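Student: Before anything else, here's the structure in question.
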Amino acid sequence: MADPYAPVAADAPSSQVPALRWDEPPEGPVLVLLDQTRLPAEEVELVCTDVPALVGAIRTLAVRGAPLLGIAGAYGVALAAVRGFDVEDAAQTLAHARPTAVNLAYGVRRALAAYRSAMAGGGDLGAAAGAALAEARLLHRQDAESSARMASAGLALLDELLPGGNHRILTHCNTGALVSGGEGTAFAVALAAHRAGRLQRLWVDETRPLLQGARLTAYEAARNGMAYTLLTDSAAGSLFAAGEVDAVLIGADRIAADGSVANKVGSYPLAVLARYHHVPFVVVAPTTTIDPDTQDGASIEVEQRAAQEVTEFAVPPAAGAEAGAGVPVAPLGTQAYNPAFDVTPPELVTALVTEDGALSPVTGSGIADLCARSRQATMG
């Protein structure tokens, strides 16, 4: 039997390779992922025929980014249903594949609810599987629509905060089409500014230790013809001091009920720098990233990742190394502190941009109002 997690070369042009797609070859339905661990050296797709393969892709960050994880989770439930696996068990496994990203569990719950509803309504397994797949596809479309609305709202906010254009934006991690059903979250705002002729420079943090900024954001900026410059995370302070940053735009993996923001580690120091230098610090995320059940920042579970991500430097696959191979950069046995995320308190966030507009200041009552409006829009 073929390896369900075996990579296959992506045959579409680079500008058209989607981060995630559902496919139905003769052998049966599959979920196809653009392997983000191999970018920018090569565009390779992973074919997942079951949930364990998808969970592996999630944990190794072959597929990543809060909104896209939600979409992947929903398609994962559909994949289990269509292929006749235990849907309840698959949903449980998927929902806990990465603890901090709230969208993953959200997407799983939506597809699972559709599956359960179809079964309770007297449908057979085929109809229930179809319902789960339809819900995953709906979530995929909705995320693309949310991305477009966030880009518009974010650009309007930038123009309000920084009249005259020529924005110099600093971003962290990767928040573009690789994390979304559309063109992304924070990156989509920068892209909208670029298309409107109002982006002077996109400053791209490397985002250590896994270099999502260097590998992925720079890759997306180059594909879109944006003016961008890469910097080490530790150089951001000198950039602020030189007056070269007009605004910081980041995404989010979870937003607590009080407005605290969990995002890729390194985001909180940027918020502190931005406050000291009187620079707007803007979070761009869909309302699905808000978790009203998480009371505050201290209640957010922060994922701790393997020490080797810090003690070794990964060798690009194109250099002939095996997956996961790395060059040691610290003495053998060195302990490492490697949280995947940090938490920024709401008082350091200038504004939160969602598909329903911008919230400023970011407060618990404002977050509650946003969630209420989002629920009403969904019900409508």
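The values are calculated or read from the model by the stated rules, or taken from the named source; none is laboratory data. Values in this document were obtained by computation on a predicted structure and should not be read as measured data. Because the Cβ atoms are built from the backbone with ideal geometry, glycine has one as well, and the counts that use them run over all protein chains shown.
Student: I'd like to check something: does the stretch 111-132 contain any residue that is in a helix (DSSP H, G or I) and closer than 27 Å to N263 by Cα?
Tutor: Within the stretch 111-132 (the criterion being in a helix (DSSP H, G or I) and closer than 27 Å to N263 by Cα), the answer is yes, since at least one residue qualifies.
Student: If L31 passes every condition in (1) crowded, with 22+ Cβ neighbours inside 10 Å; (2) assigned to a helix (DSSP H, G or I); (3) of a type in the set (A, V, I, L, M) but one, which one does it miss?
Tutor: (2)
Student: Let me ask another. Run A227 past the list (1) crowded, with 18+ Cβ neighbours inside 10 Å; (2) at pLDDT 95 or above; (3) farther than 30 Å from V108 by Cβ and report the number of the one that doesn't hold.
Tutor: (1)
Student: Could you grab the pairs with beta carbons closer than 6 Å, sequence gap of 6+ or different chains, first residue in the stretch 334-345 and among the small types (G, A, S), second one surrounded by 15 or more Cβ atoms within 10 Å (Cβ to Cβ)?
Tutor: From the stretch 334-345, the pairs are A336/A307; A336/V310; A336/T311; A340/E303; A340/R305.
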